[in-house]
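Before any comments, here is the structure.
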Amino acid sequence: MTEPSPGRRQHRLFWIALAAPGIIWLALLFVVPFYAILSIAGGQLDIFGNPVAVWNPLHWSTANFTAAWRDVTGASAFVGPIVLRTLVYVALASLISLLIAYPAAYFVARFAGRRKGLFLILLIAPFWISYMMRMLAWIDLLQTDGYVNKALTWMHLINQPIDWLGGLGFTVVLGLVYGYIPYLIIVLYAGLDRIDPALIEAGRDLGLGRVRTFVRVTLPLSRQAILTGLLITVLPMLGDYFTNQLLSGTTGTTMFGNVIDDQLTSSGGVLEGQGAVFSLLFLLVLIAPMIYYVVATNRSSRGAT
């Protein structure tokens, strides 16, 4: 077996050194915390009821896993309906976001012209304001004496103010839309802007109308951007707990992220082990769409070449 040449060895060492910071960063901020969660999930409680991490996998206990599974499927299960509610909220919020974001991104990519830079600044502007501040602004707008009720009353659409912050699922869904739609718009714009206008013109030259050109040319070419944008927005929506806390805070709109947050911040830390288990289950659920995205992206790139 021949030894690699010095130049090839140096080339390999260069790429290893270039990747080393990212590998170290990934190990410190993902692998280590992930193993810490595993150790807490497989750990036990001390005499004071505080969770104790067990670092040796051979000494891990299944008590927290059993308790968490009992909360999902047992006779006194309460997590199942919350998971279903979370999926419904996220599905509705994703659909509404897509219906709003796609036309906005399409307009900027195709018709903004010389004002494209201005529109991009306006689309990115929400990122300059923290998520908490944007949600707090919505609280002021949606209060009983807020501007939303005043506007609806002035237009004679309602007879009396609506308690938007009193535990309405509709409010939580709109909060998710408002909080995460900028990510979707930016990704869709990037995908639509890369479509070669010549392909669209070719469809028009072949006798396709505007609608048929969009359906047969633009929409299929933007499918990867749609998939990427939905992945970026759906994943954080599934684990969101802050939106519901601010805009509702009632048990009737509890999402799965709220369950994990409540258990991790429970008094005395008794439920931290179960919270760690739910965090791991949540991660396992998220792996499926991530794998699908990677496979779809590779298949799309092979088809493009």
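The values are calculated or read from the model by the stated rules, or taken from the named source; none is laboratory data. Remember, it's a predicted structure, so these values are computed and weren't measured experimentally. Here the Cβ positions follow ideal geometry from the backbone for every residue, glycine too, while neighbour counts run over all protein chains shown. These area figures cover heavy atoms from the full protein model, side chains too; ligands, DNA and RNA do not enter into them. Shrake-Rupley method; radii C 1.70, N 1.55, O 1.52, S 1.80 Å.
Brief remarks follow.
- Whether the chain is rounded, prolate or oblate, judged on the alpha carbon gyration tensor where a/c under 1.5 counts as rounded: oblate
- Protection proxy ranking, peptides 171-184, 28-41, average beta carbon neighbours within 10 Å, highest first: 171-184, 28-41
- Note on R110/I37: beta-carbon distance plugged into 1/(1 + (r/R0)^6) with R0 of 51 Å gives a FRET efficiency of 0.65.
- Applying both filters, DSSP loop and at most 11 other Cβ atoms within 10 Å, to the trypsin sites (Lys or Arg not before Pro) of the range 100-144 eliminates every site.
- Three-way shape label, the range 151-305, alpha-carbon gyration tensor, a/c 1.5: oblate
- Over the range 46-185: Rg over Rh, Cα atoms, Kirkwood Rh: 1.15
- Taking amide hydrogens as placed 1.01 Å from N in the peptide plane, the amide H of Q44 sits under 5 Å from those of V52, V54, each at least 5 positions away in sequence or on another chain.
- Theoretical ellipticity at 222 nm over the chain - DSSP helices of four or more residues, -39500 (n - 2.57) apiece, nearest 500: -22000 deg cm²/dmol
- The residues of the range 113-168 have, on average, 75 Å² of accessible surface per residue, using a 1.4 Å probe with all protein chains present.
- Candidates F78, F278, F242, ranked by Gaussian network fluctuation over the chain, Cα under 10 Å, top entry: F78
- The range 168-263: trypsin sites (Lys or Arg not before Pro) in DSSP loop, at most 16 other beta carbons within 10 Å: R194
- Per residue solvent-accessible surface (Å²) - the range 209-263, probe of 1.4 Å: 44
- For the range 117-190, the share of accessible area belonging to carbon and sulfur comes to 72 percent (1.4 Å probe, ligands and nucleic acids excluded).
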